[in-house]
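Asks: This is the structure, below, for whatever I ask next.
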Amino acid sequence: MSETVIPLLPCRQLDDVLPFYRALGFDVTYRQERPNPYAAVRRGGVELHFFGVPEFDPEQSMGSVVVVVPDTGALHAAFASGLRAAFGKVPVSGIPRMTRPRRVQGTPGGFVVVDPGGNWVRISRRKEDAGEPEEGRLARVVAAAARQADARGDVAAGVKVLETGLARHADAPAAQRLPALVYLAELRVRAGDREAAAALLAEVAALDLTAAEREALADDLAAATDLTAGLGP
């Protein structure tokens, strides 16, 4: 006999969360409005249920669920594609939002989706699929910052870790500085500091990289492009 565990998460109303989960590739498998608002969504082996509370405040939500997958990068790409198709962009600040896949200090790493109900869906890799830690002093700084900003939601602490690390390792090669700068820009956007984010992205654009480095850092460069576009003129 196998067991099934289904998280039950709050939202203000079902129409807040269901379009968002459809964009992520989930199917709505059940919905009712009476005697109480209730819905279920499923994507592959992931099933989530929601209940509506009109006076609920997503900013105060403590809802959280961990989803363990073999390939966080592939799932993030699928989620990002769906969000862009449905809403024109991948939200990186406010509610809802989605972080990028990255190693997190002390864990196999992954990314976080904060849905319109303020619930944290934590996408994590299986430990056996985590691979070897990234090399480089700033890679460790990024992992430490991700533990604060992505895993715990403490953006200010993540910013402090990154700024301290970048200052301490100012002599690090451009290819090692770039991921830290892009992540710091992302956190500045999340914190609402668009001016600081723009300055960091200008610094990223000015980095001298070889063709091979640009290829290896394609995901970070694409993220920088998306962040720059999101800041507008």
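Asks: May I ask you to order 44-53, 146-155 by the average number of other C-beta atoms within 10 Å around their residues, highest value first?
Replies: 146-155, 44-53
Asks: Using helices alone, what [θ] at 222 nm do you get for the chain, with -39,500 (n - 2.57) per DSSP H run of 4 or more residues, divided over all residues and rounded to the nearest 500?
Replies: That comes out to -13500 deg cm²/dmol.
Asks: Same structure again: Which value, to two decimals, describes the C-alpha radius of gyration of the range 1-104 once divided by 2.2 N^0.38 Å?
Replies: 1.12
Asks: Roughly how compact is the range 44-177, stated as its Cα Rg over 2.2 N^0.38 Å to two decimals?
Replies: Normalised Cα radius of gyration, the range 44-177: 1.14.
Asks: Quote the charge dipole size of the chain about the Cα centre in Debye, to the nearest 20; the model charges only the Cβ of Lys and Arg (+1) and of Asp and Glu (-1).
Replies: 240 debye
Asks: Under a point-charge model restricted to the Cβ atoms of Lys and Arg (+1) and Asp and Glu (-1), what is the dipole moment magnitude of the range 1-138 relative to its Cα centre, in debye to the nearest 20?
Replies: Here the size comes out at about 300 debye.
Asks: Using θ = phi - 60° and the Karplus form 6.51 cos²θ - 1.76 cosθ + 1.60, what ³J(HN,Hα) does each residue of the range 27-37 get, whole Hz, x for Gly and Pro?
Replies: 9, 7, 9, 7, 7, 9, 10, 10, x, 8, x
Asks: Oh, and also: State the answer as a single residue: which of P7, G73, A196 lies farthest towards the positive end of the charge dipole of the chain, with beta carbon charges of +1 for Lys and Arg and -1 for Asp and Glu, about the Cα centre.
Replies: Highest projection toward the positive end goes to P7.
Asks: Using only Cα atoms, find the angle between the long axis of helix 137-146 and the longest principal axis of the chain, and express it within 0 to 90 degrees, rounded to the nearest 10.
Replies: The two axes meet at around 30 degrees.
Asks: Then there's this: Viscosity 1.002 mPa s, temperature 20 °C: what is the translational diffusion coefficient of the chain from Stokes-Einstein with a Kirkwood Rh over Cα pairs, rounded to a whole number of µm²/s?
Replies: The estimated diffusion coefficient comes to 114 µm²/s.
Asks: Now for a separate question. Mind pulling up the Rg/Rh value for the range 99-221? Radius of gyration and Kirkwood radius, both on Cα.
Replies: Computed over Cα atoms, the ratio is 0.96.
Asks: In whole percent, how big is the carbon plus sulfur part of the accessible area of the range 132-171, probe 1.4 Å, protein atoms only?
Replies: Here carbon and sulfur together make up 48 percent of the probe-accessible area.
Asks: Right, here's the next one. Using a 1.4 Å probe, what is the accessible area per residue for the range 1-82, in Å²?
Replies: That works out to 59 Å² for each residue.
Asks: Please name which of G63, G110, G82 has its Cα lying farthest along the dipole of the chain towards the positive end, using unit charges on Cβ (Lys, Arg +1; Asp, Glu -1) and the Cα centre as origin.
Replies: Going by the charge dipole, the pick is G63.
Asks: Oh, and also: Applying the Karplus parametrisation 6.51 cos²θ - 1.76 cosθ + 1.60 with θ = phi - 60° to the phi angles of the range 6-11, what ³J(HN,Hα) value in whole Hz is obtained for each residue in order, glycine and proline being reported as x?
Replies: With coefficients 6.51, -1.76 and 1.60, one gets 10, x, 10, 10, x, 7 Hz.
Asks: Considering amide H positions built from the backbone, and no H for Pro or chain starts, which residues 5 or more places from V68, or on another chain, come under 5 Å of its amide H?
Replies: S124
The values are calculated or read from the model by the stated rules, or taken from the named source; none is laboratory data. Since the model is a prediction, treat every value here as computed from it, not as a measurement. Neighbour counts run over all protein chains shown; Cβ positions are idealised from the backbone, glycine included. These accessible areas exclude ligands, DNA and RNA; they are computed on the full protein's heavy atoms, side chains included. Shrake-Rupley method; radii C 1.70, N 1.55, O 1.52, S 1.80 Å.
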